[in-house]
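The values are calculated or read from the model by the stated rules, or taken from the named source; none is laboratory data. Keep in mind that this is a model prediction, so the values were computed, not measured. Here the Cβ positions follow ideal geometry from the backbone for every residue, glycine too, while neighbour counts run over all protein chains shown. Calculation scope for accessible area: heavy atoms of the full protein, side chains included, ligands and nucleic acids excluded. Shrake-Rupley method; radii C 1.70, N 1.55, O 1.52, S 1.80 Å.
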Amino acid sequence: MKKAALIMGSDSDWDIVRPAAETLRKYGVPMEVHIMSAHRTPARAGEFARTARENGFGVLIAAAGKAAHLAGALAAHTTLPVIGIPVCSPPLGGVDALLATVQMPSGIPVATVAIDGGKNAALLAVQMLAIEDVSLAAALDREREEMAAGVEKKDEKLQQELGK
Ligand code: RP5
């Protein structure tokens with residue numbers, strides 16, 4: 001299976017990135033997790049993206065806050081899919097990072113998830129890798145079934161509480 005790269009702009013992003021790492025681990029996706037910055041370590045970030053395909057990666061996830069150029073900067077150096085996680089930080093609450101991540105110029109896409117959407121970023125990466133991996137696709141199907149069953153159970157409980 002191809003690896004997923006989980007890159008964050010700062011160690012202060014780890015709380016948001018951790019659920020992504022846990023989700024990738026749950027699905028048995030091999031991963032590397034690194035701190036790299038579009039602004040503080042631009043050469044290292046560019047080199048990582050440039051060599052990602054030959055190093056066995058299938059997808060890159062990038063989390064950054066404030067003027068969040070990390071996902072876009074990585075995407076500039078690879079044609080692997082790049083998923084961006086805008087990270088919430090003061091004083092603008094993550095809207096700054098959301099706009100910086102999502103508003104990519106035509107030609108260099110970044111698949112942007114919600115502010116602090118670490119889990120969904122990982123699930124999207126798993127779905128991409130599952131295109132070529134039937135057992136991963138089956139695991140995703142099972143998870144969806146469990147999720148649906150959980151919602152139905154909550155609805156039953158609610159109906160009981162309402163006396164119906
Ligand atoms: C961004 O600036 C990082 O991704 C982080 O979200 C934010 C603040 O970084 P620190 O000042 O906490 O290192 O580059």
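A few remarks follow.
- Answer from Ala49, Ala43 - the residue that is open to solvent by 70 Å² or more (accessible area, probe 1.4 Å), more than 10 Å from the ligand (Cβ to nearest atom), among the hydrophobic types (A, V, I, L, M, F, W, C) and farther than 14 Å from Val113 by Cβ: Ala43
- Qualifying residue in region 14-31 (condition: within 10 Å of the ligand (Cβ to nearest atom) and surrounded by 20 or more Cβ atoms within 10 Å (Cβ to Cβ)): yes
- Among residues of region 42-59 that are closer than 14 Å to Leu6 by Cβ, those with a Cβ under 7 angstrom from a residue that is in a loop (DSSP other than H, G, I, E, B) and open to solvent by 80 Å² or more (accessible area, probe 1.4 Å), sequence gap 6+ or separate chain, pair up as Phe57/Lys2; Gly58/Lys2.
- Residue-level analysis places Gly72 among those that are within 17 Å of the chain's Cα centre (by Cα) and farther than 19 Å from Ser12 by Cβ.
- Screening region 98-108 for residues that are in a loop (DSSP other than H, G, I, E, B) and either out of contact with any helix residue (DSSP H, G or I) (no Cβ under 8 Å at 6 or more places or on another chain) or on the phi > 0 side of the Ramachandran plot (or both) and picking the one that is nearest to the ligand (Cβ to nearest atom) gives Gln103.
- Consider region 65-74 and keep the residues that are of a type in the set (A, V, I, L, M, F, W, C) and open to solvent by 10 Å² or more (accessible area, probe 1.4 Å). The one that is nearest to Thr41 (Cα to Cα) is Ala73.
- Restricting the first member to region 125-141 and to residues that are farther than 23 Å from Thr112 by Cα, and the second to residues that are hydrophobic (A, V, I, L, M, F, W, C), the beta-carbon pairs closer than 7 Å and six or more apart or on different chains are Asp133/Met1.
- Considered as a group, the residues in region 1-13 that are modelled with pLDDT of 95 or more and away from the ligand (no atom under 12 Å from the Cβ) include one that is nearest to Val113 (Cα to Cα), and that residue is Leu6.
- Only a single item in (1) within 17 Å of Leu129 (Cβ to Cβ); (2) open to solvent by less than 50 Å² (accessible area, probe 1.4 Å); (3) away from the ligand (no atom under 13 Å from the Cβ) is not met by Ala62, and it is number (3).
- A single entry from Val82, Val151, Val113, Val95 fulfils the requirement of being in contact with a helix residue (DSSP H, G or I) (Cβ under 6 Å, 6 or more places away or on another chain) and either more than 24 Å from Thr51 (Cα to Cα) or open to solvent by 20 Å² or more (accessible area, probe 1.4 Å) (or both): Val113.
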